[in-house]
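The values are calculated or read from the model by the stated rules, or taken from the named source; none is laboratory data. Quick caveat: nothing in here was measured; it's all calculated off a predicted structure. Neighbour counts are summed over all protein chains in view; Cβ atoms, including those assigned to glycine, are modelled from backbone coordinates with ideal geometry. Side chains included, ligands, DNA and RNA excluded: accessible areas come from the protein's heavy atoms. Shrake-Rupley method; radii C 1.70, N 1.55, O 1.52, S 1.80 Å.
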Amino acid sequence: MPYEQLGAYIKNRIAVSEENLDTILSYFKPLKQGKNELLLSAGQTSQHTYFVSKGCLRIYFINEEGKDVTRYIAFENQIATALVSFITKMPSTEYIQVIEKSELLYISHDDFNHLMIIIPQWREFYCSYLEKAYVNNTNRLMSFTTMDALERYSQLLKINPAIVKRLPNKIVASYINISQETLSRLKSKVSI
């Protein structure tokens, strides 16, 4: 099942032959992780990209005040990695945490890059992934400077209500950059 999910995810993004798809999938390895386990800690170099078949991953960092700030949340049929570290091969400033018991498929940095050499469409897939990551990060950054807490919460409910429904308030608040108290007030005013 996880490999079929990943195959469908890839085919939705690039045109690839079944033979090349089988080759791509052969580089991914399965991994089951329990709740709250860390796949990457700050200071380590990001060596893997993860596809979430079941469950949830969170990418976060610790700010100068010592609070954790959630940068990205990946549910089923999404990919996650500490992208800056994955690209630069430098130690990460981010953590990758398993939020819910999860079934993942992962590929190593070296295998990911090898696929770009042997299967040209994989480079298209990577380009598409990078473009989406850039747009998502830019939109989130803009929301922090142009929207108030209610607008950010309302936008989250519209774009990705699963974050509010499935995750603890602490993570939701850190994702939209508000306090847990503010989130509680907003939840009482705005229905899902």
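Do any residues in region 5-19 that are touching a residue at least 60 places away in the same chain (Cβ under 8 Å) and under 19 Å from Glu131 (Cα atoms) have Cβ atoms under 7 Å from those of residues that are among the charged types (D, E, K, R) and surrounded by 15 or more Cβ atoms within 10 Å (Cβ to Cβ), where the two are at least six apart or on different chains, and which pairs are they?
As it stands, the answer is Ile14/Glu124, since those pairs meet every condition given.
Quick one: in region 89-138, which of the residues that are within 20 Å of Leu57 (Cα to Cα) and of a type in the set (S, T, N, Q) is most open to solvent (accessible area, probe 1.4 Å)?
In this case the residue turns out to be Thr93.
Quick one: in region 166-186, of everything that is without any contact (Cβ under 8 Å) to a residue 24 or more places away in the chain and among the charged types (D, E, K, R), which residue is nearest to Asn139 (Cα to Cα)?
It comes out as Lys170.
Got a number for residues in region 80-103 being in a helix (DSSP H, G or I) and either of a type in the set (A, V, I, L, M, F, W, C) or without any contact (Cβ under 8 Å) to a residue 24 or more places away in the chain (or both)?
Count: 5.
Could you please tell me which pairs satisfy a Cβ distance under 6 Å, a separation of 6+ or placement on different chains, a first residue in region 63-75 that is within 15 Å of Ala42 (Cβ to Cβ), and a second residue that is open to solvent by 40 Å² or more (accessible area, probe 1.4 Å)?
Asp68/Ile62; Val69/Phe61
Which of the residues that make up region 56-87 are of a type in the set (Val, Ile, Thr) and in contact with a Ser or Thr (Cβ under 9 Å, 6 or more places away or on another chain)?
Answer for region 56-87, where residues must be of a type in the set (Val, Ile, Thr) and in contact with a Ser or Thr (Cβ under 9 Å, 6 or more places away or on another chain): Ile59, Ile62, Val69, Thr70, Ile79, Thr81, Val84, Ile87.
If a residue has to be open to solvent by 50 Å² or more (accessible area, probe 1.4 Å), aliphatic (A, V, I, L, M) and within 14 Å of the chain's Cα centre (by Cα) to count, how many in region 60-88 make the cut?
Matching residues across region 60-88 total 1.
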